[in-house]
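The block underneath contains the structure these notes are about, expressed in structure tokens.
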Amino acid sequence: SASRFLAVAESGTIHSEFQPPGSTSLEGLLYADTYFIEPGEDENGLVAKMVDNFDHQATAIGMQNATAEAGVSPYEAITVASLVEKEAKVDEDRGMIARTIYNRLQKNMKLGIDATVDYALGTHKPQLTAADLDIDSPYNTRKYPGLPPTPIAAVGQKSLDAALNPTPGPWLYYVLIDPSGKHAFATTDAEFEQLVRQARAKGLI
């Protein structure tokens, strides 16, 4: 059952090689894929299979080298990948969104990613209120600098690749600019404000 699956995933009995010491959360460490359930296989077996698949896929692309490649720990890179997974709507944006996140981290800027507020609230709301954005949670990147404590979503291969090999660029902002889901990227406050005006004129934000 779904409840039993969640209980196993949160129990701390199954571990990923990418989990930091003391962590019991498998959030972001269960590989999103199609799985065939063997006759008699229980939730423990499925969770273990998903974790093993994640470890295999992440190792295959060199996630263990994230510190050298991206300047963060492998687990932090996976957390960045989860943010990319939630933010990117088209594949060509993934590497640029990852780079924007890293650039903001390097400048100690708050990430300001609304998907982390949704995660803190435990729900997805089409429109977040001022009270929502002020929720006192370490996951609220509108309120607190740095990455959230854990990934916030299951992560696919393309987002892992983006977090490990972000597109080079100076961007500090991105704004949804097209109904297709495409974002536009900005480096300065003035550029960002212009993009926001364009997006509002199109009814996208």
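The values are calculated or read from the model by the stated rules, or taken from the named source; none is laboratory data. No experiment lies behind these values; they were computed from the predicted model shown. So basically every Cβ, Gly included, is an ideal-geometry build from the backbone, and we count neighbours across all protein chains shown.
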Select from the stretch 88-103 the residues that are closer than 16 Å to A32 by Cβ, assigned to a helix (DSSP H, G or I) and either touching a strand residue (DSSP E or B) at 6+ places or on another chain (Cβ under 9 Å) or acidic (D, E) (or both) and list them in ascending order. D91
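Quick grid of which residues meet (1) out of contact with any strand residue (DSSP E or B) (no Cβ under 9 Å at 6 or more places or on another chain); (2) farther than 29 Å from H183 by Cα; (3) at pLDDT below 95:
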| position | (1), (2), (3) |
| --- | --- |
| S1 | yes, yes, yes |
| A7 | yes, yes, yes |
| E17 | yes, yes, no |
| A58 | yes, no, no |
| E69 | yes, no, yes |
| I78 | yes, no, no |
| L83 | yes, no, no |
| K86 | yes, no, no |
Tell me whether the stretch 12-28 contains one or more residues that are over 18 Å from the mean Cα position of the chain (by Cα), of a type in the set (D, E) and under 24 Å from L147 (Cβ atoms). yes
For the stretch 167-177, which positions are in a loop (DSSP other than H, G, I, E, B), over 14 Å from D91 (Cβ atoms) and not small (G, A, S)? P168, P170, W171, L172, I177
Across the stretch 103-120, what is the number of residues that are at negative phi and surrounded by fewer than 17 Cβ atoms within 10 Å (Cβ to Cβ)? 4
In the stretch 25-42, anything surrounded by fewer than 20 Cβ atoms within 10 Å (Cβ to Cβ) and either on the phi > 0 side of the Ramachandran plot or modelled with pLDDT of 90 or more (or both) is listed as S25, G40, D42
Looking for something of a type outside the set (V, I, T) and in contact (Cβ under 8 Å) with a residue 40 or more places away in the chain - is there at least one such residue anywhere in the stretch 115-136? no
Can you tell me which residue in the stretch 36-74 is farthest from A2 (Cα to Cα), limited to those that are outside any helix (DSSP H, G or I) and of a type in the set (V, I, T)? V72
Please state which of the following conditions G203 fails to meet, knowing it meets all the rest: (1) closer than 16 Å to R99 by Cβ; (2) over 23 Å from the mean Cα position of the chain (by Cα). (1)
Condition first: part of a loop (DSSP other than H, G, I, E, B) and hydrophobic (A, V, I, L, M, F, W, C). Now tell me which residues in the stretch 112-159 satisfy that. I113, L128, I135, L147, I152, A153, A154, V155
The conditions are (1) surrounded by fewer than 24 Cβ atoms within 10 Å (Cβ to Cβ); (2) touching a residue at least 40 places away in the same chain (Cβ under 8 Å); (3) closer than 20 Å to P138 by Cα; (4) among the charged types (D, E, K, R), and E85 fails exactly one of them. Which is it? (1)
